[in-house]
Every structure is written in C-alpha cells, then in structure tokens.
Amino acid sequence: MKLLTTLFFLTFTMVNTVFAQIQLKEKLSKKANQEIDKFLFGDKNKNQSDDTNTNTDDEVLDTYEPSDSSDPLGGYRRESVNYGTMSPSEVVGFRDLINFLPDELGDYRIAEKPEGSTTRYGEYRYSFGSKSYSKGDEELKASIFDYAQTASLLGLYANQYEHESTDGVMRSIEVNGNPGWYSANYDSNETNLALVVNGRFLITISGNGLEEATLKRYAAGMDLDQLPEAPPAPEEED
C-alpha cells in the first residue's frame, strides 16, 4: 500500500510539473506573439486591460531607465556592442539591442529616448529594443526583437509570400541573405520592412511613403552578420 501511495504521489508530481511547464510556455508564447504584433501592426489594444500585463513570480521584467529627464534622449548615448559576449543559448539584453540599432538611418536621426526591455518566464525569455527617428516632420522607427521561436512564428511571411489588395501589399524580400517581407498600406501610406535574422531576431523598420529599396538599404547598413545564431534544436530521443 505504501509503495502504491509513493508511486501515485510521484506520478501526480510529474504530471503537475509538466502541466506547469506547458502553461508557462503557452503564456510566454502568447506574450511574445503580442509583442511581435505590436512591432508589426502597432499597439491596437493599448487601452484595453490584459491579464498578461501583470507580472508573476516567474517573470522578471528589466526595462530601460533614462538617466536625464531633461534630455530628449533621456541621457542615452550609444555605446559599442560587444558581440563576443553574445551567446546562442542566451537572450541578448535590451541594452545591447538598443545599441545595435544605429542613431542614424539615412537622413533620419534619433529623436527620442530609446525603449527596451528583457522579460523572463522561468527558462523562457525574450528581449527587445527600439529607436524613434525624425527628419523634419517625417518620422521613422526601428526595432529589434530577440526570441528563439521567431522563425517558426513568422516563417510563412518570410518565404515566398505575396499578397496584394485594394488596401495594400505584402511580399517576401531578402536582405544580405536574411528573409523577410515588405508591406505598404495604400490608405495610410505607411510602409514597413521586417527581417528574420538567424531564425531568432526580428528587425523592423517602419515609416511613411518609403520605397522598398530605401528600407532595405537601411537594414543592410546594420551589423546583421554579427548577431548570434539561434540555439540548436534539442535532439530527438530514439
């Protein structure tokens, strides 16, 4: 009887552990998907409540804190990125992602303090950084998002995809061997380029009325080949 009770307890514990891990992974995927949606389509639900915005004991949220509120850039000064410290098995911290983005894209110059954060749910994590630019009255935004599942989430759009309607166009592109896509909204004149780099980084550049070739040139000017590879896929057991 004691043996059966012990076996039952161990089985119950294992099931609960697996279930908790599945819930954790689903929660991370949901939040990461929301961040990707905001990158690509804007924060449409900005004023709506969402239970995923509440931190749990498993989550550590690290954010960029400006050092000078009187400075339009919040005291930010770009520093060189030590690519040698980046690892395929570790998410890149938001400070390095922010510094990865240049302060100038063509004639556009950084105009506001950068934004960034690193979020962890147990063993799962993701990180992002973004900069806003201006050229007179024109605005531009560039972002970089690090998440191991980026390729599986966005592979369809970065692989021979094309769609056009009366609303706009979206088609697959390539920049320095990295797959991605270009989109344009005919009504708002908003244009967007997105790249999937090394199967984990999502880089987006968004503006108004910018040609595909211009956005591709901006992306090609970044140190894309310096970003670390995605972590190796776990080996399947026989």
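Using θ = phi - 60° and the Karplus curve 6.51 cos²θ - 1.76 cosθ + 1.60, what whole-Hz ³J(HN,Hα) does each residue of the range 175-183 get, with Gly and Pro shown as x?
10, 6, x, 9, x, x, 8, 10, 9
Based on the Cα coordinates of the range 73-143, what is the per residue volume of their convex hull in Å³?
97 Å³
Report, to the nearest whole %, how much of the accessible area of the range 172-235 belongs to carbon and sulfur atoms, 1.4 Å probe, protein only.
The nonpolar share, carbon plus sulfur, comes to 42 percent.
Sorted from largest to smallest, which semi-axis lengths in Å does the alpha carbon gyration tensor of the range 86-201 give for its equivalent ellipsoid, taking the root of 5 times each eigenvalue?
25, 21, 12
What are the ³J(HN,Hα) values, in whole Hz, obtained from phi via the Karplus relation 6.51 cos²θ - 1.76 cosθ + 1.60 with θ = phi - 60°, for each residue of the range 78-94 in sequence order, with x given for Gly and Pro?
Residue by residue, the range 78-94 yields 5, 10, 5, 9, 8, 5, x, 8, 6, 10, x, 8, 10, 5, 6, x, 4 Hz.
With a probe of 1.4 Å, find how much accessible area the range 85-232 has per residue, and write the answer as a whole number in Å².
46 Å²
Relative to the Cα centre, what is the charge dipole magnitude of the range 68-134, using +1 at the beta carbon of each Lys and Arg, -1 at the beta carbon of each Asp and Glu, and rounding to the nearest 20 debye?
Result for the range 68-134 is approximately 120 debye, rounded to the nearest 20.
The values are calculated or read from the model by the stated rules, or taken from the named source; none is laboratory data. In this text, all values refer to a predicted model and were calculated from it rather than measured experimentally. Using ideal geometry, Cβ is built from the backbone for each residue, glycine included, and neighbour counts are taken over all protein chains shown. In case anyone asks, the SASA skips ligands and DNA or RNA and just uses the protein heavy atoms, side chains included. Shrake-Rupley method; radii C 1.70, N 1.55, O 1.52, S 1.80 Å.
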